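Asks: Quick one: the structure is below, questions incoming.
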4 protein chains.
Amino acid sequence: MEKSDGTASISHDSLLSALPNNVTESTPASAGQTIARSTKREDILQAAKHLFARSGYHFTGISDIIKRAGIARGTFYLYFKSKKAVFDELVEDVLFRVIDSAKPVIPGEPPDMDAVIRQVRINIAHALGALLSDRNLAKLLVSQAEGLDHDTENKLREFYGALTDWLAESLTEGQELGIVRPGNSRLMAIAAIGMLRGMIWAWAVGEEDIDIHEAVEELAAIAVEGILMRSRGGIQ
Amino acid sequence: MEKSDGTASISHDSLLSALPNNVTESTPASAGQTIARSTKREDILQAAKHLFARSGYHFTGISDIIKRAGIARGTFYLYFKSKKAVFDELVEDVLFRVIDSAKPVIPGEPPDMDAVIRQVRINIAHALGALLSDRNLAKLLVSQAEGLDHDTENKLREFYGALTDWLAESLTEGQELGIVRPGNSRLMAIAAIGMLRGMIWAWAVGEEDIDIHEAVEELAAIAVEGILMRSRGGIQ
Amino acid sequence: MEKSDGTASISHDSLLSALPNNVTESTPASAGQTIARSTKREDILQAAKHLFARSGYHFTGISDIIKRAGIARGTFYLYFKSKKAVFDELVEDVLFRVIDSAKPVIPGEPPDMDAVIRQVRINIAHALGALLSDRNLAKLLVSQAEGLDHDTENKLREFYGALTDWLAESLTEGQELGIVRPGNSRLMAIAAIGMLRGMIWAWAVGEEDIDIHEAVEELAAIAVEGILMRSRGGIQ
Amino acid sequence: MEKSDGTASISHDSLLSALPNNVTESTPASAGQTIARSTKREDILQAAKHLFARSGYHFTGISDIIKRAGIARGTFYLYFKSKKAVFDELVEDVLFRVIDSAKPVIPGEPPDMDAVIRQVRINIAHALGALLSDRNLAKLLVSQAEGLDHDTENKLREFYGALTDWLAESLTEGQELGIVRPGNSRLMAIAAIGMLRGMIWAWAVGEEDIDIHEAVEELAAIAVEGILMRSRGGIQ
DNA sequence: GATGAATGAGTGTTCATTCAT
DNA sequence: AATGAATGAACACTCATTCAT
């Protein structure tokens, strides 16, 4: 994406299209009332999020959700058409958070490595922060959403696909600008996203005690320097 | 682990302990017969693997498995005590493959960076190869095993925990030997494993067309050099 | 049991303890409503009683019960947690009826043989009447409750044990008061209870056409002339 | 039954007809071999008897029986056409033993009360002895055979019916001869058989510690002083 | 005769969803 | 809008019986 002012940046509009329907306005009609917006819907989402994260989708029953939300059985179906619908909304919520956190990196003219690295660091911090703010949501994404059904699998596939496309494209542009190491940018993108996911997983599921600032530093360091020491020069 | 000859290496015995019982010989007794090994057990495993990978554990019924394996209902329970038992065996199978592929890296005296990198590359190739040989098995590990019961979740957690411990320890030793960049070795380990998982996931679930050799090269390159270019020097 | 006024009587409190929990109020909460008591629960019990008595516990399926009760499969489990639970409630019901019918015999001072016999006859009438009012319930007690699981078997064993203990004790006291023939009172108790059971069985299972009044008379006659003391004579 | 010599006695031929097929020759054909008669059939019966008595018909599987009998699955069906067939044979065995033990009481001319009582006592001893010799068989009869299926229920009904008929008839004849108290002889018969059953049940199921001689004495005492005529007196 | 791998009809129970009130 | 009693399709698993060897 070549901007008119000559600087290159990667918009994240394409990422948003990965979500089936726009999540921003997921509240029910409820036209008449302006204040005291139905809190029940939110109660259900909160209860379900907690339970899905703790016990998993399949082991969480409608009974559990309504008990925790403090509503009656039938009421549940007033706000959501199915158990799956609640899950879907929660998943879309996480995905949106992550997408929303991805900001284009603008190298400047001429490319200023230091600035780039700062921006990368900020991007990583945002992506991590988006998920690490809600352990249950993170858990949902990394350990419940997968392997559920074909719909969810597809949604996830699309999401990660779009994320990978976007990052790979960004890296390719970065290579052209000389700020990204030569190589298969798509594989780099996959690896980079994998690192982030690994961090989230370790924190959410593995229950590692991860300090977000340290994690951001380390990920940025790997991005810049890799893991192994170099005697001199690069890889042979 | 300091070996008597001065060279350091990391055994992977600790990794093996992550598996509840040794998987290598899980076939039933059937002592007498030497030939004509019961093919039914294998049929069931194959059928279940395919279906679990395609539709998920919960959406795969015994009916589906026996239909695909071409056996009767009761026959299934002649070979496995439950649906869960089949799944467990499949999961242990993948875990064992991965564990088996992890080989210690011996830097030599004095540390020869080139040799180290070669060995790292081999390790990556093994780990990837162990899983990329069977897409369904890979899918099982990265996307189906989670969100199941707590037992399986714990097994997986333990597995990744042991893998992380092992790699983190290796990296720490590497730092002492000056072949690994300074930094939080545990976070490095998490990130490194995340990269591998990301690769697997992209191939198994995202259905990316990944060339194993290229993937190994790129991962090794990231390990050695990171992703971003460096003006000179490391991160500021 | 020696009462302070010199008269002896046998309380049947010990018998009640044979029942695991008090059966009298086994209806579900449903606090608010006063009228329109859930008839479904009763429907299920009636249907199950009929079927258990006709075909036996093991040959009666949930399908049979719900078909006869005119409800759906799931509805059954709204009122009972298992097929066994229905059976248990029915059994406890019979046991309670029998226990409830046992009233202490008070000989008076000095012992009035005629009064004693009248009371014995009343006791027999109660015990028989409690069961002969419901053929299916009777059948359950004498021919279905056995051969089930150990829990039920134990409950029954305990019940008959308590009944025997109580009667044997009563007879022993009667012997001390000179209104019961000398002899092994425990064996007498077993025989007496056996007679009653035999009567019930013949009516419920053997489908004998038994007139309750005649049966009471005959049993009383045997009791009076066989167990109770006579002016002179006895076994040679 | 009026015998030609003027004495009355009750044959028990009618009782034998209660058994569907004559039990005496229940061994399989196996024509050729005279010696070394197949012990397997007996092994199965023994094993089944033990298990049925211990765990009940429904909780005893073919697997249990063959394991205990030390034979293979298929072999079982070489000797019995079904699990039920084994049970039936065992039940018929008990019934036959009881029937076999019933001997006619011959009062003599003129009726000798002492002789009659002796014979009654012997009859009771035989009936009890037939069952008390094998606790498992007794248990089968009193606690497993009932409530099984309609076939068995009918067989049992017929058996007890015939037994009752026989005893009632005997009692009626006794009344005519003046050795049995007036009254409903059928109800007397039912009560008498009930006493015996009660004794057996208490011993086999209730696990009472019953001395057979004492039991015979007590039952005889009840019979003599409750059912048989006395010089003077009777029910008031 | 003896075997035991294979069978499949049958079981009790669950739970997301509906709908009359 | 809110309720919760009622629903019934779907499930994993059992076990008496058969039959090719």
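Asks: Of the conditions (1) crowded, with 21+ Cβ neighbours inside 10 Å; (2) free of Cβ contacts under 8 Å to residues at least 40 places away in the same chain; (3) within 10 Å of chain C (Cβ to nearest Cβ), D:His150 clears all except one; give me its number.
Replies: It fails just one condition, (1).
Asks: Just to be sure I understand the filter: pairs with C-beta atoms under 7 Å, separated by 6 or more residues or on different chains, first member in the stretch C:53-64 and part of a helix (DSSP H, G or I), second member more than 7 Å from DNA strand E (Cβ to nearest atom) and of a type outside the set (A, V, I, L, M, F, W, C). Which pairs pass?
Replies: From residues that are part of a helix (DSSP H, G or I), the pairs are C:Ala53/C:Asn136; C:Ala53/C:Lys139; C:Ala53/C:Gln144.
Asks: What are the pairs, 6+ residues apart or on separate chains, where a residue within the stretch A:81-92 that is on the phi < 0 side of the Ramachandran plot has its Cβ under 7 Å from a residue that is within 15 Å of DNA strand F (Cβ to nearest atom) and at pLDDT 95 or above?
Replies: A:Lys83/A:Ile62; A:Val86/A:Ile44; A:Val86/A:Leu45; A:Val86/A:Phe80; A:Glu89/A:Leu45; A:Leu90/A:Leu45
Asks: Right, another one. Of the conditions (1) within 13 Å of DNA strand E (Cβ to nearest atom); (2) in contact with a helix residue (DSSP H, G or I) (Cβ under 7 Å, 6 or more places away or on another chain); (3) within 28 Å of C:Leu163 (Cα to Cα); (4) not in a helix (DSSP H, G or I), C:Ala48 clears all except one; give me its number.
Replies: Unmet for C:Ala48, out of (1) within 13 Å of DNA strand E (Cβ to nearest atom); (2) in contact with a helix residue (DSSP H, G or I) (Cβ under 7 Å, 6 or more places away or on another chain); (3) within 28 Å of C:Leu163 (Cα to Cα); (4) not in a helix (DSSP H, G or I): (4).
Asks: Report whether or not D:Thr75 is of a type in the set (Val, Ile, Thr), in a helix (DSSP H, G or I) and within 16 Å of DNA strand F (Cβ to nearest atom).
Replies: Considered against the rule, which asks whether it is of a type in the set (Val, Ile, Thr), in a helix (DSSP H, G or I) and within 16 Å of DNA strand F (Cβ to nearest atom), D:Thr75 comes out as yes.
Asks: Has the stretch A:57-71 got at least one residue that is within 16 Å of DNA strand F (Cβ to nearest atom), loosely packed, with under 15 Cβ neighbours inside 10 Å and within 14 Å of chain B (Cβ to nearest Cβ)?
Replies: Yes, the conditions are met somewhere in the stretch A:57-71.
Asks: Another question, if that's okay. Does D:Ser143 satisfy being of a type in the set (Ser, Thr, Tyr) and more than 10 Å from chain C (Cβ to nearest Cβ)?
Replies: No.
Asks: Please go through the stretch B:208-231 and give me each residue that is more than 24 Å from B:Lys139 (Cα to Cα) and in contact (Cβ under 8 Å) with a residue 12 or more places away in the chain, ordered by number.
Replies: The answer is B:Ile222, B:Ala223, B:Val224.
Here is a yes/no grid of residues against (1) among the β-branched types (Val, Ile, Thr); (2) modelled with pLDDT of 90 or more:
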| residue | (1), (2) |
| --- | --- |
| D:Leu132 | no, no |
| D:Leu148 | no, no |
| D:Asn154 | no, no |
| D:Glu158 | no, yes |
| D:Thr164 | yes, yes |
| D:Glu169 | no, yes |
| D:Gln175 | no, no |
| D:Arg181 | no, no |
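Asks: Give me the pairs, please: first residue somewhere in the stretch C:185-207 and within 7 Å of chain D (Cβ to nearest Cβ), second residue anywhere and of a type in the set (Asp, Glu), beta-carbon distance under 6 Å, and either six or more positions apart or on two chains.
Replies: That search, which allows pairs on different chains as well, returns C:Leu187/D:Glu218; C:Ala202/C:Glu208.
Asks: I would also like to ask the following. Can you tell me which of (1) more than 8 Å from every other protein chain (Cβ to nearest Cβ); (2) surrounded by fewer than 19 Cβ atoms within 10 Å (Cβ to Cβ); (3) without any contact (Cβ under 8 Å) to a residue 60 or more places away in the chain is the one A:Arg135 doesn't meet?
Replies: (3)
Asks: From the list C:Ala72, C:Ala53, exactly one residue is at pLDDT 95 or above and among the small types (Gly, Ala, Ser). Which is it?
Replies: Being at pLDDT 95 or above and among the small types (Gly, Ala, Ser) holds for just one of C:Ala72, C:Ala53, which is C:Ala72.
Asks: Which members of the stretch C:78-93 meet the condition of being surrounded by 14 or more Cβ atoms within 10 Å (Cβ to Cβ) and assigned to a helix (DSSP H, G or I)?
Replies: Across the stretch C:78-93, the qualifying residues are C:Leu78, C:Tyr79, C:Lys83, C:Lys84, C:Val86, C:Phe87, C:Asp88, C:Glu89, C:Leu90, C:Val91, C:Glu92, C:Asp93.
Asks: Answer yes or no as to whether A:Glu92 is away from chain B (no Cβ under 12 Å) and within 30 Å of A:Phe59 (Cβ to Cβ).
Replies: yes
Asks: Test each condition in (1) surrounded by 21 or more Cβ atoms within 10 Å (Cβ to Cβ); (2) more than 16 Å from DNA strand F (Cβ to nearest atom) for B:Phe96 and report the one that comes out false.
Replies: Among (1) surrounded by 21 or more Cβ atoms within 10 Å (Cβ to Cβ); (2) more than 16 Å from DNA strand F (Cβ to nearest atom), B:Phe96 violates only (1).
Asks: For the stretch C:22-50, which positions are modelled with pLDDT of 50 or more and within 15 Å of DNA strand F (Cβ to nearest atom)?
Replies: Answer for the stretch C:22-50, where residues must be modelled with pLDDT of 50 or more and within 15 Å of DNA strand F (Cβ to nearest atom): C:Arg37, C:Ser38, C:Thr39, C:Lys40, C:Arg41, C:Glu42, C:Asp43, C:Ile44, C:Leu45, C:Ala47.
The values are calculated or read from the model by the stated rules, or taken from the named source; none is laboratory data. What you see is a predicted model; the values in this text were computed from it and never measured. Ideal geometry is used to build each Cβ from the backbone, glycine not excepted, and the neighbour counts take in all protein chains shown.
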